[in-house]
Amino acid sequence: MGKIGDWFAHVLGLVLLAIATPAMAQFPGTAPITIVMPYPPGGLGDYFVRLVAPKLAESLGTTVLVDNRPGANGGIGTAAVARAKPDGHTIIFVPASTITTNQWLMKDIGYDPLKDLTPLALVLAVPNVLVVNPSVPATTLPELLELARKKPGSVNYASVGMGSSTHLQAEMLKRAANIDIVHVAYKGAGPALQDLLAGQVQMMFDNMPNALPLIQAGKLRALAVTSAKASPALPDVPPVGKFVPGFEEMPWFAFLGPAGMPSDIVSKLNEHLIRAVKSPDIVKALEARGGEITTSTPGQLADLMKVESDKMGRLIKDAGISPQ
């Protein structure tokens, strides 16, 4: 199963699998399927979903489009999907934070993740990697922490939006290591990385598959990963937990649709989405960037969403972060 698969099994615990699957129906209608990507181009989610879309189209025998609707840490696009007709022709691909964290950080996000969306399939889990601009005079995480302590407020960190893993992991590090670093929020990984590369911000937690090519090209310096152990893609980069005990976080991504989708359509989409993401070339592309395809039933994803939502609610409350 692999380290990330073991992590997924641990998070879910003992989840009973369905004994029988409803009879599959032909996918209804001739309209294209639109996958909403609630972030701008340039991030891991956009990269991944554009790999999956043609595979899904081939598997279902229909047209599959990708529609970028960025803003509010994925909240704008997610709210639009929550209001869409639940016929399976409009679905969304999101990171965990969009459906487990937004509700704790925003007063009116326009949707209830646990009530207004239909879980379809978990498909991807990846560690984040802490990267800095090469101009930063720190080659290890302890050196970065020392720099932040000597010059409080001098280190800015980028995130893809309030409540994202890239935001909350930096806040976790800030509190656990007792450092003063400044948050600069962007509308997606693309613009955040652009400013990080330009030296406008100094550090960022980013998804491993997204940051790895820049690390390998020497454009960013990797200091630590958020997984419990070093990633095979970056074997010499230690986990954050080596220096900050107890720090371990593994972001995941999933497909969802509007609430009220018929069970046969949910089952069919789950089947074909998993078939698409397990295509050998997609698996190879993600593994080469430090990610791993990790799939689930709709029921397992629903359980994971509930567990993670409760966890993030406690984290945000303990951190004293107020809804905006």
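Amide H contacts under 5 Å for VAL155: VAL182, restricted to partners 5 or more places along the chain or on a different chain, H placed in the peptide plane at 1.01 Å from N. Close amide H partners of ALA224, meaning residues 5 or more places away or on another chain with modelled amide H under 5 Å apart, are LEU130.
Taking the DSSP bridge list for the chain and keeping only pairs wholly inside it, about 60 percent are antiparallel.
Using a probe of 1.4 angstrom and keeping all protein chains present, the accessible surface of segment 66-199 works out to 36 square angstrom per residue. Across segment 124-134, computed HN-Hα scalar couplings (Karplus, 6.51 cos²θ - 1.76 cosθ + 1.60, θ = phi - 60°) run 8, 9, 9, x, 8, 10, 7, 10, 10, 5, x Hz from first to last residue, x flagging Gly and Pro. Note on LYS311: lysines with a C-alpha under 21 Å away, same-chain residues under 8 apart excluded, are LYS107, LYS115, LYS174. In this simple spin-label approximation, LEU197 and LEU315 carry label points 7 Å from Cα along the Cα→Cβ vector, and these lie 2.8 nm apart.
Once backbone amide H atoms are built at 1.01 Å from N, ALA259 has LEU117, THR118 as its partners under 5 Å, excluding neighbours fewer than 5 places away on the same chain.
Whole-Hz Karplus values for segment 66-79 come out as 10, 10, 6, 10, x, x, 6, 6, x, x, 5, x, 5, 4 Hz, taken residue by residue from phi with 6.51 cos²θ - 1.76 cosθ + 1.60 and θ = phi - 60°; glycine and proline positions read x. Specify the inter-centroid distance of segment 87-121 and segment 149-187, based on alpha-carbon positions, in whole Å. Cα centroid of segment 87-121 versus Cα centroid of segment 149-187: 24 Å apart. Extension gain for the segment SER263 to GLU248, taken as residue separation times 0.36 nm less the Cα-Cα distance, is 1.9 nm to one decimal.
Put a dot 7 Å past the Cα of VAL184, heading toward its Cβ, do the same for ALA31, and the two dots end up 4.2 nm apart. Beta bridges from DSSP with both residues in segment 110-229: antiparallel share about 55 percent, rounded to the nearest 5. The shape of segment 242-321 comes out oblate: with a ≥ b ≥ c from the C-alpha gyration tensor, a/c is at least 1.5 while a/b does not beat b/c. Here, P(r) means the percent of Cα pairs in each 10 Å bin from 0 to the largest distance; for segment 237-279 it is 20, 30, 18, 21, 10.
Highest mean packing first, where packing is the average number of other Cβ atoms within 10 Å per residue, the peptides 219-232, 163-176, 304-317, 281-294 line up as 163-176, 219-232, 281-294, 304-317. Phi angles of segment 255-261 translate, via the Karplus equation with coefficients 6.51, -1.76, 1.60 and θ = phi - 60°, into HN-Hα couplings of 9, 9, x, x, 5, x, 6 Hz per residue; Gly and Pro are given as x.
Of the residues GLY71, GLY241, GLY218, the one that moves most in a GNM of the chain with alpha-carbon contacts below 10 Å is GLY218. Of the heavy-atom accessible surface of the chain (probe 1.4 angstrom), what whole percent is carbon and sulfur? Result for the chain: 55 percent of the exposed heavy-atom area is carbon or sulfur.
The values are calculated or read from the model by the stated rules, or taken from the named source; none is laboratory data. Every value quoted in this text rests on a predicted model; they were computed, and no experiment measured them. Counting neighbours? That spans all protein chains shown, and the Cβs are built from the backbone with ideal geometry, glycine included. The protein model used for the area step is the full one, side chains on, heavy atoms only, and it has no ligands, DNA or RNA in it. Shrake-Rupley method; radii C 1.70, N 1.55, O 1.52, S 1.80 Å.
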